[in-house]
Amino acid sequence: MSYFETIEASSLTENFFNRIGKEWSLITAGDSKKCNTMTASWGGVGVLWNKNVTYCFIRQSRYTLEFMDREDYYSISFFGIDHRKELAYCGKVSGREEDKIAETGLTPVFDREAPYFAEADLVLICKKLYRQTMTPECFADSALVSAFYSDGDYHETFVGEIVSVLKKS
């Protein structure tokens, strides 16, 4: 069985362009009674307000948004390419319709401020700091609106402070 060790965020050497954009991740919020997760291939990691942060984007139509709004913490779990099938499923199926976590066989862990998955190789536990709705008038490049938001389903932007980093040992 693999275990996680807690490391400092400043010691991360990950290529987050690959981890997020190519391998994908799961954003998860909730508690042991009810949680939901969704696949993310957009987002980032950086420094803002003198804090190590993540930023993630959740469409207004996503069930996970209800959990993100309700909770103070969320996790971002990274798995590597070996779990592409499970992450693809979590990106296609709504947790409103079925228990997609159970369907994937992933194991939620509830020993931190936010749920995450035992199968992940890297987990960022984040405390929400900021939330804002994307609006068409804020786009400097209006072509993005027609390319990504023709249905009006804009993203909510979240910035969260990384409070724990768990790495598979």
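Sorted from largest down, what three extents in whole angstroms do the Cα atoms of the stretch 107-164 have along their principal axes?
The Cα atoms of the stretch 107-164 stretch 42, 23, 16 Å along their principal axes.
Can you list the aspartates and glutamates whose alpha carbon sits under 19 Å from that of LYS51, skipping same-chain ones fewer than 8 residues off?
Within the straight-line cut-off, LYS51 pairs with GLU8, GLU14, ASP72, GLU113, GLU161.
Can you give me the convex hull volume of the Cα atoms of the chain, divided per residue and expressed in Å³?
123
State the percentage of accessible surface on the chain attributable to carbon and sulfur atoms; use a 1.4 Å probe and exclude ligands, DNA and RNA.
Answer for the chain: carbon and sulfur cover 49 percent of the accessible area.
In what sequence, highest mean first, do 76-85, 140-149 appear when ranked by Cβ atoms within 10 angstrom?
76-85, 140-149
For the stretch 104-138 and the stretch 9-81, what is the centre-to-centre distance using only Cα atoms, to the nearest Å?
The distance from the Cα centre of the stretch 104-138 to that of the stretch 9-81 comes to 4 Å.
Relative to the present Cα-Cα distance, how much length would full extension add between SER94 and GLU8 at 0.36 nm per residue of separation?
Going from the current span to full extension adds 27.6 nm.
Which order do TRP42, TRP24, TRP49 take by accessible area at a 1.4 Å probe, largest first?
TRP49, TRP42, TRP24
If I stretch the segment between TRP42 and ARG84 completely, what's the gain in nm (0.36 nm per residue apart, minus their alpha carbon distance), one decimal?
The span from TRP42 to ARG84 would gain 13.6 nm if fully extended.
Apply 1/(1 + (r/R0)^6) to the Cβ-Cβ distance of ASP72 and ALA143, taking R0 = 41 Å, and write down the FRET efficiency to the nearest 0.05.
Calculated value: 0.70.
Reachable lysines from LYS85, Cα under 28 Å, same-chain residues fewer than 8 places away excluded?
LYS22, LYS33, LYS34, LYS100, LYS167, LYS168
The values are calculated or read from the model by the stated rules, or taken from the named source; none is laboratory data. On a predicted model such as this, the values are computed, not experimentally measured, just so you know. Positions of Cβ are backbone-derived with ideal geometry, glycine not excepted, and every protein chain shown enters the neighbour counts. The area values use the complete protein model at the heavy-atom level, side chains included, leaving out ligands, DNA and RNA. Shrake-Rupley method; radii C 1.70, N 1.55, O 1.52, S 1.80 Å.
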